[in-house]
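Every read-out reported here was derived from the displayed coordinates using simple, explicitly stated rules and does not represent laboratory data. Predicted, not measured: the structure shown is a model, and the values here were computed from it. Note that we place each Cβ from the backbone using ideal geometry, even for glycine, and neighbour counts take in every protein chain shown.
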Amino acid sequence: MKRYFIPLIFFSIGLILQFWLYFSWVTFGLLLSSTLLLSLLIYSVSEMSKPPETFHEETGNLHSVERNTKPNISLPNFPQTPILNGEDPILLAKEILEKEKRNRFADTVRSFPIRFALPKISSVMYAYFDGIKFNETLWQKGNLLVDSLADGIEWEENDEIHVRKGNPQLSTDRKRLFLPILANREILGLVYLETKEIFSDLEINQLWLSTLPLAERLLESKQYEKAILDPRTYLFNKSHFYQVAKEKFDSKEIQNLILMKFVLKKHDLEYAICLNQSLKEKGYSDLGLFFLEEQLLASIIPNRSVLEFSGFIHSFVSDLESLGYECEIALGFAPNKSIQGKYNHWIKQAFISLEDSLLSNAA
């Protein structure tokens with residue numbers, strides 16, 4: 001029963017404030033529903049890291065227990081939603097990160113495609129540069145842009161050497177042209193053009209100049225990403241979190257601020273990437289996760305999705321366990337409608353909840 005001390009204290013303080021300041025049935029109803037949700041979340045989290053076969057009833061609500069203990073409580077009937085689908089989370093995280101960066105490049109190209117004036121150009125392809133290699137991203141047919149597989153560019157070694165130096169490169173038959181997309185001397189990608197005839201020197205210069213507007217847009221996009229994204233995980237960063245939290249705090253709908261702490265540091269970045277991708281795919285959060293600091297994530301979940309989110313976290317931990325990976329997640333929780341004051345009080349309350357969760361388990 002110790003696990004319910006926090007909701008009990010929360011309800012008692014809220015009830016005292018109700019009678020002391022101002023009592024209304026509406027605020028009392030909000031207080032009661034918030035307390036019940038908090039109790040349910042604590043109960044859910046306390047069971048999510050336990051093996052489905054056997055477990056002890058504990059005061060902690062985060063960590064797994066020995067499998068050889070005798071069961072005395074039933075786990076919540078969460079639907080087992082496949083998260084990783086049997087894929088290795090380390091490899092999956094790498095694929096997700098590469099795809100995310102390539103997709104952001106493609107989104108910018110779709111918004112600002114190059115308009116080529118030469119009618120003899122028969123094929124146009126945009127490739128994303130990840131700092132190591134060029135990968136096909138989009139094919140352009142007139143005004144139509146079509147996704148391409150992330151295949152490498154087929155070219156001669158000499159062609160690649162010149163492009164990596166930031167120079168346009170024409171094939172020996174003068175029918176294929178590789179134009180690096182440059183911004184501040186940084187290579188962001190390339191445009192591969194092909195014609196049935198040949199490219200003249202004048203046309204090469206004109207075509208390369210036509211890539212400048214796209215290069216500027218790609219640079220702006222990259223600078224914006226640096227401002228709001230964590231470079232290692234591509235999750236939203238701490239600065240963007242405070243901006244979003246301020247907006248969500250004043251939402252008419254009940255929003256739940258949830259803090260997640262990876263108790264074990266090993267593979268925490270890869271877990272965060274996989275968790276973020278699946279969280280957005282399942283529709284529990286339109287923004288996904290925020291990377292606040294090492295091992296610490298945040299998410300803002302609408303009240304209607306709290307129970308599904310609890311089952312989602314439970315399934316994620318179970319998936320990792322079935323693949324032979326160890327993962328322990330501590331959760332802190334705070335609904336915005338239970339907070340009096342500014343949005344930073346909402347964040348503080350979630351941190352208090354997280355600290356209580358960690359201390360409870362440590363005890």
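Under the combined filter of DSSP loop state and at most 12 neighbouring Cβ atoms within 10 Å, the stretch 174-204 retains these trypsin sites (Lys or Arg not before Pro): R185, K196. Near K282, once Lys and Arg are set to +1 and Asp and Glu to -1 for all other residues with Cβ below 14 Å from its Cβ, the sum equals -2.
Using only the Cα atoms of the stretch 253-363, build the gyration tensor, take square roots of its eigenvalues as a ≥ b ≥ c, and label the shape rounded, prolate or oblate: rounded if a/c is under 1.5, else prolate if a/b is larger than b/c, else oblate. The shape class here is oblate. Loop-resident GluC sites (Glu not before Pro) (DSSP state other than H, G, I, E or B) in the stretch 172-209 with no more than 16 further Cβ atoms inside 10 Å of their Cβ: E197.
Can you give the FRET efficiency to the nearest 0.05 for R174 and E281, using r as the Cβ-Cβ distance and R₀ = 45 Å? The partial results should precede the final answer.
Details: r = 46 Å, r/R0 = 1.03.
The pair R174/E281 has a calculated efficiency of 0.45.
Residues in the stretch 349-359 carry Karplus couplings, in order, of 5, 5, 5, 4, 4, 5, 4, 4, 5, 5, 5 Hz; the curve used is 6.51 cos²θ - 1.76 cosθ + 1.60 with θ = phi - 60°, and Gly or Pro positions show x. This model, with +1 at the C-beta of Lys and Arg and -1 at the C-beta of Asp and Glu, gives the stretch 239-363 a dipole about its Cα centre of some 520 debye. Each peptide in 265-271, 114-120 gets a packing score, the mean of other Cβ atoms within 10 Å over its residues, and the list from highest to lowest is 265-271, 114-120.
Between K141 and K265, full extension at 0.36 nm per residue minus the direct alpha carbon distance yields a gain of 39.9 nm. For Q295, nonlocal amide neighbours, meaning residues 5 or more places apart or on other chains whose placed amide H falls under 5 Å from its own, do not occur. Projecting label points 7 angstrom from Cα along Cα→Cβ for F351 and L118 puts them 5.8 nm apart. Around the Cα centre of the stretch 187-254, unit charges on the Cβ atoms of Lys, Arg, Asp and Glu (plus for the first two, minus for the last two) sum to a dipole of about 500 debye. Restriction of the GluC sites (Glu not before Pro) in the stretch 82-111 to DSSP coil positions whose beta-carbon has at most 15 other beta-carbons within 10 angstrom yields E87.
With Cβ to Cβ distances under 9 Å as the rule, what net charge do the other residues near P180 carry (K, R +1; D, E -1)? Intermediate values should be presented prior to the final figure.
Values: positive: R164, K165; negative: none.
Once all neighbours under 9 Å are counted, the net charge is +2.
Stretched out straight at 0.36 nm per residue, the stretch from E197 to E321 would grow longer than its current Cα-Cα span by 38.8 nm.
If you take the Cα centroid of the stretch 285-363 and the Cα centroid of the stretch 198-232, the two points sit 39 Å apart.
Once the Cα-Cα distance is subtracted from the 0.36 nm per residue extended length, the A227 to D88 segment shows a gain of 47.0 nm. The calculated P(r) of the stretch 307-363, using every Cα pair and 10 Å bins from 0, goes 21, 36, 33, 10, 1 in percent.
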